[in-house]
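Visitor: Right, I'll just put the structure down here and ask away after.
The values are calculated or read from the model by the stated rules, or taken from the named source; none is laboratory data. The model shown is predicted, which means the values in this text are computed figures rather than measured ones. For neighbour counting, all protein chains shown are included, and Cβ atoms are generated from backbone atoms with ideal geometry for every residue, glycine included.
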Amino acid sequence: MENYTSFAKLYDQLFDLDMYLQWKDFVVKRSNPSKLLDLGGGNGRLGIILSREKYQVTILDLSLSMLQIAQSHAEKNNVELQLINDDMTNFELNEKFNVITSFSDSINYLSSKTEIQTMFNHVFNHLNDSGVFLFDLITPHMANVTYDNYMYNNDDDPQNIFMWTTFPGEKKNSVDHDLKFFTYRKDIDAFKILREIHHEQTYENEVIMQLLKNTGFKNIQYTADFGNSKVDENSDRVFFEARK
């Protein structure tokens, strides 16, 4: 089921430039400018930033709505992006890449270890020899502690109010996000409510390590703070680097 369909444009407006620049730095420090595939790259904002660093970026995303936004951003920034509407657990492209990335919790949206393993297999098959796979995940600590009774409201724009509430998911180490936009409609002089529930599943780092090893990846490392710190029990996000 496609996420962000009903409010892709509104969701896109919430992007945090600082986070995108840190993702860019994580990639640049661990690879050279070359052909790069960004899985779940959605709105294309990271792809545009990496293109300015001389990467040749292809974005693959399940949401056609987000890819349409990516195309609009690319045109406004005079950047060329290759956009592919496909499922990152089941894609077959007629090319390989030196770098494959997946950030912003994209892998946490996969519902099982089997789906993650399948995705890792496809990633491995689309990497050149010595290619690198870079991705991040939210941790069980974030799902269970940081997101416990978490609420965030953004009313900077009084005509587009965003409310985000989290609840424990049904499965262990999972979280559900209740996302609501209250958008003012002048024609009816009232607010229209747009709502989606997003489910994220997390796993211990050792589980992800084993899935990567099962695939054939080597030189696997994981860190916190966009690669700048060691992971500990309080880390909310973990960053993986795995080589073919």
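Visitor: Scan (1) out of contact with any helix residue (DSSP H, G or I) (no Cβ under 9 Å at 6 or more places or on another chain); (2) in a strand (DSSP E or B); (3) assigned by TED's automatic domain parsing to the domain that holds residue 40 for the single condition residue 213 breaks and write down its number.
Guide: For residue 213, the failing item is (2).
Visitor: Being part of a loop (DSSP other than H, G, I, E, B), surrounded by 15 or more Cβ atoms within 10 Å (Cβ to Cβ) and of a type in the set (S, T, N, Q) is the filter here; which residues of the stretch 84-103 pass it?
Guide: Within the stretch 84-103, just 89 meets the criteria.
Visitor: Turning to a different aspect of this structure: Of all residues in the stretch 34-45, which are touching a strand residue (DSSP E or B) at 6+ places or on another chain (Cβ under 8 Å) and either surrounded by fewer than 24 Cβ atoms within 10 Å (Cβ to Cβ) or within 20 Å of residue 95 (Cβ to Cβ) (or both)?
Guide: 34, 35, 36, 37, 38, 39, 40, 41, 44, listed by residue number.
Visitor: A further question follows. Just the residues that are of a type outside the set (A, V, I, L, M), in a helix (DSSP H, G or I) and in contact with a strand residue (DSSP E or B) (Cβ under 8 Å, 6 or more places away or on another chain), please, taken from the stretch 198-210.
Guide: Within the stretch 198-210, 205 is the sole residue that qualifies.
Visitor: Could I ask something else about it? Are there any strands (runs of 3 or more DSSP E) wholly within the stretch 107-183 with 2 or more residues that are surrounded by 14 or more Cβ atoms within 10 Å (Cβ to Cβ) and either of a type in the set (Ser, Thr, Tyr) or in contact with a Phe, Trp or Tyr (Cβ under 6 Å, 6 or more places away or on another chain) (or both), and if so which?
Guide: Because the criterion is at least 2 residues that are surrounded by 14 or more Cβ atoms within 10 Å (Cβ to Cβ) and either of a type in the set (Ser, Thr, Tyr) or in contact with a Phe, Trp or Tyr (Cβ under 6 Å, 6 or more places away or on another chain) (or both), the strands (runs of 3 or more DSSP E) in the stretch 107-183 that meet it are 127-138, 160-168.
Visitor: OK, next. Any residue in the stretch 174-190 that's farther than 30 Å from residue 113 by Cα and at pLDDT 90 or above: show its pairings with residues that are surrounded by 10 or more Cβ atoms within 10 Å (Cβ to Cβ) and among the basic types (Lys, Arg) at Cβ separation under 8 Å, as long as the two are six or more apart or on different chains.
Guide: Filtered contacts from the stretch 174-190: no entries.
Visitor: Go through the stretch 56-69 and count every residue that is touching a Lys or Arg at 6+ places or on another chain (Cβ under 9 Å) and surrounded by fewer than 24 Cβ atoms within 10 Å (Cβ to Cβ).
Guide: Residues meeting the conditions: 4.
Visitor: A further question follows. Testing residue 234 on (1) in contact with a His (Cβ under 9 Å, 6 or more places away or on another chain); (2) part of a strand (DSSP E or B); (3) not assigned by TED's automatic domain parsing to the domain that holds residue 152, one condition comes back false. Which one is that?
Guide: Tallying (1) in contact with a His (Cβ under 9 Å, 6 or more places away or on another chain); (2) part of a strand (DSSP E or B); (3) not assigned by TED's automatic domain parsing to the domain that holds residue 152, residue 234 fails exactly one: (2).
Visitor: Quick check on my filter: what residues within the stretch 204-232 are without any contact (Cβ under 8 Å) to a residue 60 or more places away in the chain and closer than 15 Å to residue 134 by Cα?
Guide: Within the stretch 204-232, 209, 213, 218, 219, 220, 221, 222, 223, 224, 225, 228 meet the criteria.
Visitor: Moving on to the next point. Taking the conditions exactly as written (over 22 Å from residue 123 (Cα atoms) and not hydrophobic (A, V, I, L, M, F, W, C)), does residue 68 satisfy them or not?
Guide: yes
Visitor: Sticking with this one: Is it the case that some residue within the stretch 179-190 is hydroxyl-bearing (Ser, Thr, Tyr) and assigned by TED's automatic domain parsing to the domain that holds residue 29?
Guide: no
Visitor: Scan the stretch 87-98 for residues that are touching a helix residue (DSSP H, G or I) at 6+ places or on another chain (Cβ under 7 Å) and either within 18 Å of residue 47 (Cα to Cα) or not assigned by TED's automatic domain parsing to the domain that holds residue 123 (or both) and jot them down.
Guide: 88, the sole residue that qualifies.
Visitor: From the list 77, 43, 98, 90, which residue is within 13 Å of the chain's Cα centre (by Cα) and touching a residue at least 24 places away in the same chain (Cβ under 8 Å)?
Guide: After ruling out the rest, the residue left standing is 43.
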